[in-house]
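The values are calculated or read from the model by the stated rules, or taken from the named source; none is laboratory data. Given the structure is predicted, the values throughout are model-derived calculations rather than measurements. Protein only, heavy atoms only, side chains kept; ligands, DNA and RNA dropped before computing areas. Shrake-Rupley method; radii C 1.70, N 1.55, O 1.52, S 1.80 Å.
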Amino acid sequence: MQEPLDNQGRTRWRRFAAMMVPATAAAGAILFGMSTGAIASDITVSGQTFKIGADRLEGDGFKQYGGIVREKGKDGKAGQVHPVALSEISSAELYSLCQSVRADLPGMPVVLTINAGEGKEPARAKDLLIAMDSLNGNATFTNIRIGRDATDLNPTAKAGSFGQNSDHVTITNLQQVSRYTTAATFNLVGLRLKVNVGDDAKGKECF
């Protein structure tokens with residue numbers, strides 16, 4: 001018989017459910033950091049990473065620079081800080097998009113998977129912002145400019161910090177570990193969302 005969830009289990013489930021929101025609805029306008037190059041102070045993250053994979057990403061208006069995200073601490077105070085790479089893409093097409101997040105409950109493996117853009121029509125995003133821990137794939141940049149002051153790319157970034165941008169980027173075999181994603185619009189063509197539990201959760205992460 002399945003044991004009732006303890007407080008930790010309920011907390012992990014709430015975090016898991018919250019991860020469904022960015023990928024299934026359009027987020028608001030992008031909010032950026034202040035003088036430290038962080039994302040805006042009123043945005044906090046769960047502390048849990050999620051995976052994004054795609055066969056191919058085509059993006060116009062690519063920018064990248066450093067920043068931080070914060071977890072919410074006790075009593076609403078600022079919690080742990082995570083350095084991240086911030087990537088902005090004005091418009092993006094993602095072919096065979098996959099997003100997954102693992103949120104195991106006590107004695108119960110749980111993986112949420114979201115798939116879209118698996119046919120001829122890709123998933124599309126406008127004004128995409130990604131705060132990531134890592135990125136793997138094969139990238140081709142058009143008219144790339146490396147070593148720019150980050151404030152030339154985003155005036156709220158830290159002055160003198162490293163930045164780069166390009167007119168267009170193509171990334172194949174995309175594998176990305178992220179902490180936060182937002183977009184002005186996110187059109188998920190052929191959306192499939194599934195909660196994989198127990199044995200069904202094994203091997204269901206994007207990579």
State whether region 50-207 is rounded, prolate or oblate according to the following rule on the C-alpha gyration tensor (a ≥ b ≥ c being the square roots of its eigenvalues): a/c under 1.5 gives rounded; otherwise a/b larger than b/c gives prolate, and the remaining case gives oblate. oblate
Enter the accessible area per residue of region 58-186 (Å², integer; probe 1.4 Å; all protein chains in place). 46 Å²
Mind listing the phi-derived Karplus ³J(HN,Hα) values for region 172-180, rounded to whole Hz, using 6.51, -1.76 and 1.60 with θ = phi - 60°, and x for any glycine or proline? 9, 6, 5, 9, 9, 10, 10, 10, 6
Region 81-139 - Kirkwood radius from inverse mean 1/r over Cα pairs (Å): 13.9 Å
What are the residues whose amide H is under 5 Å from the amide H of Ser161, where those residues sit 5 or more places off or on another chain and H is modelled from the backbone? Ala150, Thr151
Once neighbouring chains are kept in place and the probe is 1.4 Å, which whole percent of the accessible area of region 81-197 is contributed by carbon and sulfur? 51 percent
Per residue, the convex hull volume that the Cα atoms of region 117-207 enclose (Å³): 144 Å³
Determine ³J(HN,Hα), in whole Hz, for all residues of region 195-207 in sequence, where each value follows from phi through the Karplus function 6.51 cos²θ - 1.76 cosθ + 1.60 and θ = phi - 60°; x replaces Gly and Pro. 9, 9, 10, x, 4, 5, 7, 5, x, 8, 5, 4, 7
